[in-house]
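Taking it in order: structure first as structure tokens, then the write-up.
Values quoted throughout were computed directly from the atomic coordinates according to the rules given, and no laboratory measurement underlies them. Because the structure is a prediction, the values reported are computed rather than measured. Glycine gets a Cβ as well: all are built from the backbone with ideal geometry, and neighbour counts include every protein chain shown.
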Amino acid sequence: MKDIHIAIGVLALVLNAAAFSSGAYCYWRSDPSSWFWGLLRSSQVVIVLEAALGGIFAINHKVPSIHIIYGLLPILVSFLAEQLRVASAQMVLDSRGFDSPAAVGELPEEEQRGVVRAIVLREMGVMTLSALVIIVLLARAAGTA
């Protein structure tokens with residue numbers, strides 16, 4: 001069980017590093033990427049799986065409390081980042097003077113695409129930074145095991 005927990009932990013680190021790298025690169029190039037979102041969602045699933053396996057392992061073995069904290073914080077960071085991601089769309093709309101998403105629908109198609117692109121890039125930026133924080137937390141969890 002411990003070996004599986006370690007392997008899933010390494011996978012979580014690798015997926016978050018890939019999500020961070022691709023997100024940072026795409027954000028820098030202002031190029032929304034579906035690959036980033038796939039990597040990010042995969043990393044989130046693996047983080048939950050890792051925490052569940054860690055919880056099962058912790059029931060049967062003595063595990064340092066700090067390891068448990070560092071193991072659970074990535075879920076919290078991911079949840080908070082999702083909340084910020086949702087708010088970032090409204091921030092883009094507010095910065096451009098739109099009262100609601102419906103107001104964007106009244107724009108010409110090309111301008112609508114520009115607004116949507118700005119929203120997606122802002123969301124990518126938020127989630128890319130969350131992947132970086134999660135990498136640090138997972139590395140700390142590995143160091144306290």
If you fit an axis through the alpha-carbon atoms of helix 65-95 and take the longest principal axis of the Cα set of the chain, what angle between them do you get, 0 to 90°, nearest 10? 0 degrees
Using the 10 angstrom Cβ neighbour count as an exposure proxy, how do Met1, Met91, Met127 rank, fewest first? Met1, Met91, Met127
Between Phe57 and Leu72, how many nm apart are label points set 7 Å from Cα along the C-beta direction? 1.7 nm
If you rank Asp31, Asp99 by fewest surrounding Cβ atoms within 10 Å, what's the result? Asp99, Asp31
Taking the Cα centre of the range 60-145 as origin, sum charge times position over the Cβ atoms of Lys and Arg (+1) and Asp and Glu (-1), and report the length of that vector in debye to the nearest 20. 640 debye
Most exposed first, judged by fewest Cβ atoms within 10 angstrom, Phe57, Phe20 run Phe57, Phe20
Taking Cα centroids, how far is the range 24-75 from the range 79-145 in Å? 19 Å
Select from Ser130, Ser95, Ser42 the residue whose mean-square fluctuation is largest in a Gaussian network model of the chain (Cα-Cα springs shorter than 10 Å). Ser95
